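The structure under discussion appears below in the form of structure tokens.
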Amino acid sequence: MDSLPPLTRLPKLIWTTLLLTCLNSFANAATLEQVMKNGDLRCGVYPDDPGRSAINSTGSWEGFYVDFCKATAAAVLKDPSFVHYVEVGAKTRFTSLIEQKTDVVMYSSTWTLGRESQFGVEFPTIYLFDGQGFMVRKNSGIKSAADLKNKTVCVTENTTSHKNLENLIKERGLNTKILFSNGDSFFRGSCDAYSADRMNLATNRANRADRPEIYEILPDIISREPIAPTVRNDDPQWSRVIRSVIHALILAEEKGINQRNVDQFLKRQNSAEINNLLGLDGNIGNQLGLDAKWAYRAIKAVGNYGEIYQRHFGPNTPIGVERGLNNLWSNGGLLYAPPFK
């Protein structure tokens, strides 16, 4: 076997490339430090309908995904208002991270292995379990996906919903026509059904239909859609911070801690895990690069996971979707946080 050349004999171009790679990796890896230095969290959000992420009548951003931006700013910067909201779309939600225009994107993005590889991003954890479905007019006679044979279905092009629909039609031989369009076209009567994630369907029905009561979402669920925030894949510390903020809000609900009573828990005898969560004991904050009260501030700012869900998606909102899989594990759902030890 030939021996390797001495380091001093490596071509200058290779040395330059190695140096730039190392410097670039170092620069990218310090997201937490940079956010703290800037005093501002650049949070990517999609200008959507009320419930998910939208600007309200007072000019402020609000919605399910927006609350996770606020929670992160509260944990990292000690103030939920220290957020610079960056509008992103289906194409820029990933590229904005790579171009370092955003620090984190809180969007209804499905976590797929292909996206991680293709875009160089990471999905720290799941904050919404969803699945693709169909919305139809109640008087259409369509009661299940099987009834879509020879019908026209609207779907957004170049999305996971588009690919899933194509696969369903092929597998079942439905001879269904696909029309690349959004929910607005469906409400105008351009197609017999509209296919998207079920939360997307409910949000569209609540905000874009003139008469929401004449539409229904079919019981069919044709895919699993784990919805997650997105960060670059070169900074494991920052990924842990985002993941921990979301898990803290989930654990708070499990432990009965909410926005109103969190201060009381600071004054009482608690379990060891609650003390670790609220920074009364342990060193989780230090391990994350944060102070001890990071999770307390996140809960105080936006409430626990259940409060966030019910505020934006729950039965008492126009969207009106029961929690289902988004219940805690102890209530028959899929949500649970790793032990805070």
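The values are calculated or read from the model by the stated rules, or taken from the named source; none is laboratory data. A quick note: this is a predicted structure, and the numbers were derived from the prediction, not measured. Virtual Cβ from ideal backbone geometry, glycine too; neighbours counted across all protein chains shown.
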Practice problem: Would you mind stating whether Met135 is assigned to a strand (DSSP E or B), over 29 Å from Ile214 (Cβ atoms) and of a type in the set (A, V, I, L, M, F, W, C)? | Solution: no
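The rows are residues; the columns are (1) assigned by TED's automatic domain parsing to the domain that holds Leu277; (2) touching a residue at least 40 places away in the same chain (Cβ under 8 Å); (3) over 17 Å from Arg260 (Cα atoms).
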residue	(1), (2), (3)
Ile299	yes, yes, no
Tyr309	yes, yes, no
Ile319	yes, yes, yes
Asn327	yes, no, yes
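Table: residues versus (1) among the aromatic types (Phe, Trp, Tyr); (2) in the same structural domain as Val245 (by TED's automatic domain parsing); (3) in contact with a Leu (Cβ under 9 Å, 6 or more places away or on another chain); (4) touching a residue at least 60 places away in the same chain (Cβ under 8 Å).
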residue: Gly39; (1), (2), (3), (4): no, yes, yes, no
residue: Ala54; (1), (2), (3), (4): no, yes, no, no
residue: Thr58; (1), (2), (3), (4): no, yes, no, no
residue: Phe68; (1), (2), (3), (4): yes, yes, yes, yes
residue: Phe82; (1), (2), (3), (4): yes, yes, yes, no
Quiz item: Counting just the residues of the stretch 140-155 that are in contact (Cβ under 8 Å) with a residue 60 or more places away in the chain and within 16 Å of Cys191 (Cβ to Cβ), which one comes out surrounded by the fewest Cβ atoms within 10 Å (Cβ to Cβ)?
Solution: Ile142
Self-check item: Positions within the stretch 160-179 being surrounded by fewer than 16 Cβ atoms within 10 Å (Cβ to Cβ) and either in contact (Cβ under 8 Å) with a residue 60 or more places away in the chain or basic (Lys, Arg) (or both), in sequence order
Solution: Lys163, Lys170, Arg172, Lys177
Self-check item: Positions within the stretch 171-218 being in a helix (DSSP H, G or I) and charged (D, E, K, R), in sequence order
Solution: Glu171, Arg172, Asp184, Arg198, Arg205, Arg208, Glu213
Self-check item: Hits in the stretch 161-183 - residues which are in contact with a helix residue (DSSP H, G or I) (Cβ under 9 Å, 6 or more places away or on another chain), closer than 23 Å to Lys91 by Cα and of a type in the set (Ser, Thr, Tyr)
Solution: Ser161
Quiz item: Is there a residue being farther than 30 Å from Lys177 by Cα, among the aliphatic types (A, V, I, L, M), in contact with a Lys or Arg (Cβ under 7 Å, 6 or more places away or on another chain) and crowded, with 17+ Cβ neighbours inside 10 Å anywhere in the stretch 128-139?
Solution: no
Exercise. Name the one entry in Val83, Val76, Val35, Val45 that is at pLDDT 95 or above, surrounded by 24 or more Cβ atoms within 10 Å (Cβ to Cβ) and over 27 Å from Glu157 (Cβ atoms).
Key: Val76
Practice problem: For the stretch 77-84, state whether one or more residues are assigned to a strand (DSSP E or B) and under 25 Å from Ala202 (Cα atoms). | Solution: no
